[in-house]
Every structure is written in C-alpha cells, then in structure tokens.
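Take a look at the structure set out below.
None of the figures in this text is laboratory data; all of them are computed from the coordinates on show. Everything numeric in this text was worked out from a predicted model, so none of it was measured. Cβ placement follows ideal geometry from the backbone for every residue including glycine, while neighbour counts extend to all protein chains displayed.
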Amino acid sequence: MSARPAVDPAAFRRAVGEFATGVTVVTVQHGDRIHGMTANSFTSVSLDPPLVLFCVGKSARMARLIEQVEGFAVNILSDRQMQVSRQFAGANKDDATRLVSLRRGPVAPLLSGSLAALSCRISAVHEGGDHWIVIGEVIAIHEPEQARTNGPLAFFRSRYCDLIVPPTPAEAADRWSNDEIRIYHEEWSAGDVSEPAERRDLPW
Ligand SMILES: Cc1cc2nc3c(=O)[nH]c(=O)nc-3n(C[C@H](O)[C@H](O)[C@H](O)COP(=O)(O)O)c2cc1C
C-alpha cells in the first residue's frame with residue numbers, strides 16, 4: 001500500500017494549468033516515417049552543454065519512436081500556428097504532416113512558420129511517473145528571420161491564448177540591439193572585454 005498523500009487529480013491539473021507556457025511541436029523521423037507531437041512540457045535545462053527537455057506520455061506514439069531515433073527537433077510555435085498545434089495534438093494525425101510545410105533538419109524535420117527550432121541529439125531518457133523525460137543536446141539552432149515579428153502561441157488554463165501584442169518591425173529590431181548589448185554585458189562581466197569607459201551612460 002502506498003503511503004503517498006492523496007492529491008486530487010483534478011486539483012493537480014487545475015493548479016499546474018495556472019503555469020502559462022508556450023507550445024512546441026516535437027518532431028522525429030524514423031526511416032520514411034515522420035511524426036510530430038504537440039508538447040508544452042519543453043524547457044531549457046543547461047547552457048553548457050546546451051540541453052533541453054520535454055516529457056512524453058508513456059502511451060504516446062512518440063514514446064515508442066523516441067526509443068528508435070537518435071534525435072528530435074523542437075519547433076516553437078507562433079500565435080499563427082494554433083491549428084498546427086491542434087493537428088499534432090489530435091489522435092488521428094495521419095494528415096498533419098501533409099497539411100504543414102516541413103523542411104529537412106539535421107536530425108528531424110522542421111516546421112515552417114515556427115518562431116525558432118532546435119535540433120537535438122538524445123542524451124538521456126529518465127522515467128518520470130507515467131511520462132518519460134527526454135533530454136536532448138542542442139546541435140543546431142534555426143531562427144527564421146521572418147518569424148521575428150510574430151508573437152508566441154501561449155497555453156494557459158487548458159486554453160490557447162494571446163500572450164503579448166506582437167512587436168512592430170521597429171520594436172523587433174530594437175529588441176535585437178538590446179540582445180547585442182546584453183551579450184556584450186555578459187562577456188564584459190566574464191572579463192572577456194575591457195570595461196566600457198562610461199558605464200553610467202549604458203542602458204543596463
Ligand atoms: C497544448 C498541448 C500541450 C501538450 N503537451 C504534451 C506534452 O508535453 N507531453 C505529452 O506527452 N503530451 C502532450 N500533449 C498531448 C499530446 O500532444 C497528444 O496526446 C498527442 O496526440 C500524442 O501524440 P502521439 O500519441 O501521436 O505521439 C499536449 C497537448 C496539447 C494540446
């Protein structure tokens with residue numbers, strides 16, 4: 001007899017549903033067979049080495065395929081891809097791969113129109129209750145330029161929702177320059193570059 005405290009499954013679902021996430025489609029290719037599964041359990045794990053994970057239910061078809069492939073791709077969906085998410089979450093998705101545009105990736109196909117995609121080599125699979133926790137080392141990053149102005153597809157309380165107003169092209173360009181500043185700052189903090197002369201004028 002298990003000594004676990006009784007947790008109401010509905011309350012558990014409700015509580016974890018308060019955690020808003022993005023939405024991904026994880027893709028694999030085994031021989032000629034291409035398979036995708038909508039997943040919001042994706043998260044980054046480590047920067048060095050670059051590791052990510054997603055969890056897959058043990059009864060999912062993806063769980064059986066993961067045992068047979070070397071890697072997978074994580075496609076991060078935009079707010080224009082709600083239908084794509086629905087297709088890859090459906091029980092019958094034989095048509096799904098025909099209805100979306102796929103590009104060849106280093107380990108698995110990439111979904112066109114995604115905000116970004118990560119090609120990963122499986123580095124570990126751990127048991128997590130009724131799911132497998134699949135850890136992948138990122139071996140390639142795909143950042144399509146045209147997706148920069150789209151917003152993310154968000155999932156909250158078991159529903160798709162708008163997370164942010166997509167930035168205008170000018171705001172997107174500005175965000176990029178802020179990223180460059182941040183990277184410079186990180187390098188500077190690590191001692192890779194000399195200290196800026198006028199630190200007070202810098203925006204961070
Ligand atoms: C927004 C959303 C997120 C989901 N996240 C996951 C997940 O992280 N892991 C999982 O196993 N299933 C997840 N699912 C359910 C799967 O997408 C669904 O069960 C799918 O049909 C399983 O695919 P397969 O059996 O064809 O591999 C999610 C569904 C939705 C709508």
(request) Report the extension gain between residue 61 and residue 20 in nm, rounded to one decimal, defined as 0.36 nm multiplied by the number of residues separating them, less their alpha carbon distance. (result) 12.2 nm
(message) Per residue of segment 29-45, what does 6.51 cos²θ - 1.76 cosθ + 1.60 with θ = phi - 60° give for ³J(HN,Hα)? Whole Hz please, x for Gly and Pro, Karplus curve as stated.
(response) 10, 10, x, 7, 7, 10, 9, x, 9, 5, 8, 10, 7, 4, 7, 7, 10
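Fewest to most neighbouring Cβ within 10 Å: what's the order for 38, 97, 24, 43?
Arranged by neighbour count, lowest to highest, 38, 97, 24, 43 become 43, 97, 38, 24.
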(request) Quick one: order 82, 62 by neighbouring beta-carbon count within 10 Å, fewest to most. (result) 82, 62
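Expected output is a single nm value to one decimal: the length gained when fully extending between residue 47 and residue 98, i.e. 0.36 nm times separation in residues minus the C-alpha distance. What is it?
Result: 14.9 nm gained on full extension.
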